[in-house]
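The values are calculated or read from the model by the stated rules, or taken from the named source; none is laboratory data. Computed from a predicted structure; not experimentally measured. Positions of Cβ are backbone-derived with ideal geometry, glycine not excepted, and every protein chain shown enters the neighbour counts. We work out accessible area using only protein heavy atoms, side chains counted, and drop any ligands, DNA or RNA first. Shrake-Rupley method; radii C 1.70, N 1.55, O 1.52, S 1.80 Å.
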Amino acid sequence: MSYNGSGTFQINTTGQPVVAGTVISSTAFNALTADLATGLSTAITKDGQTATTARIPFAAGINSTLVTDSTNSTTGSILTAGGVGIAKALNVGTSATIGTTLGVTGVATFSAQPIFSTLTASKPVFTDASKGFVSTGTLAPDQGGTGVANNVASTLTISGNFATTLTVAGAYNYTLPAASGTLANLASAQTLTNKTLTAPVISSIVNTGTLTLPTSTDTLVGKATTDTLTNKTLTSPTLTTPNIDSAQFATVSGTAPIYPCRAWVNFNGTGTVAIRGSGNVSSLTDNGVGDYTVNFTTAMSDINYSVNTTCSSNGTSNFITTTVFTNSTTGANVAPTTSAARINTGVYAVGTFDPTYVNVSVFR
Amino acid sequence: MNQRIIYPNNDGGVAIVIPAAECGLTIEEIAAKDVPAGKLYKIVDVADIPTDRTFRNAWEYTT
């Protein structure tokens, strides 16, 4: 035996030590050379002739002065076909290149900015949808942002001049900050400048400033433009100098209310009785001498309207009388109706007559 | 309109309805609206109405 199992080389003691002046036993010599051969064959040769048959403990570590290409898998300082197992921390002085996959089961701490380059997906991939980057500080968008995580309440802070696109998929609520300048918050009051809204649905407009509407020919009413309103109901409107049917009200002065004429007629009561002009009058009934009924095209709202009748004289008397709601034949009152008013023309103390000019107007 | 509507009034005389040309109604529509309900009426030419009204209250309606 040459080694004692603990790495100590032991000389075969048979015939040892040799004594001066004596014959050295061939047996002892041969045993010695055999031990030496066994010992040297068991040792590691520095030129690499020997392949170790067991793990070699290096109590003081391994130093190598070999300088090779670190990216070359056949010329590195340590080459192994079975991988390298490291019981404690691995400290790489410069850079480490992983040929296939780097798996980290513990916490990976980056004390400097990690750079992801030439990625297949151009971005880190989180196979667990509920995991992602979590940072206690503020990261810029090109650094992944702060708290960019799915399905968790998080705060995204974006600063600097970064072109950022926020793409939201799924039914999540994103609350934007109440920014005063550049962001529109859904629930807060914001001022939008030079925005084009395409087909917006506006339930109501509350405006304290200037609201400029587009020049529309059909569906919009401009404040200063001329528009035709169809089937509009105006409740208690205040009309300033309205232009209604040939400016009938354009010259009105004072604040007394106006009650327009509801019906009128100018007719000739002599000869062939004929209507010269009328408004809201469908016909005139000639009941007899100086007795007429004005029939309204559209009925009055009630019978409490006022009838004003004037007529020309009979050519001989100045005592012309006109009456309303009276039967000139019987002298009895004729109750007014909403659709007609009966009038009479006559001469005081003489009787009825047919005037050439009879004017009737109705107000309500 | 050169037509008139005549019907007997309640006093034994005759009422003559003169249509208003500006009302936009036809003579038939005016008759239906302005002749009292239940009264028989007749649409006549204006030339058929006497122009001398001296005895206007004595005019009578004949069918």
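Figures for the structure shown
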{"read-out": "Inter-residue pairs, beta-carbon under 6 Å, first more than 7 Å from chain A (Cβ to nearest Cβ) and in the stretch B:5-19, second of a type in the set (Asp, Glu) and open to solvent by less than 20 Å² (accessible area, probe 1.4 Å), 6+ apart", "value": "none"}
{"read-out": "Neighbours by Cβ (under 6 Å, 6+ apart or cross-chain): first from the stretch A:257-278, within 11 Å of chain B (Cβ to nearest Cβ); second in a loop (DSSP other than H, G, I, E, B) and buried (at least 17 other Cβ atoms within 10 Å of the Cβ)", "value": "A:Ala263/A:Asn280; A:Gly269/A:Asp354; A:Gly269/A:Pro355; A:Thr270/A:Asp354; A:Ile275/B:Ala20; A:Ser278/B:Ala20"}
{"read-out": "Strands (runs of 3 or more DSSP E) contained in chain B and holding at least 3 residues buried (at least 17 other Cβ atoms within 10 Å of the Cβ) and at pLDDT 95 or above", "value": "B:3-8, B:14-19"}
{"read-out": "Residue list for the stretch A:290-310, restricted to those being within 14 Å of chain B (Cβ to nearest Cβ) and either assigned to a strand (DSSP E or B) or open to solvent by 70 Å² or more (accessible area, probe 1.4 Å) (or both)", "value": "A:Asp291, A:Tyr292, A:Thr293, A:Val294, A:Asn295, A:Phe296, A:Thr298"}
{"read-out": "Conditions (1) more than 9 Å from chain B (Cβ to nearest Cβ); (2) without any contact (Cβ under 8 Å) to a residue 40 or more places away in the chain: number failed by A:Leu284", "value": "(1)"}
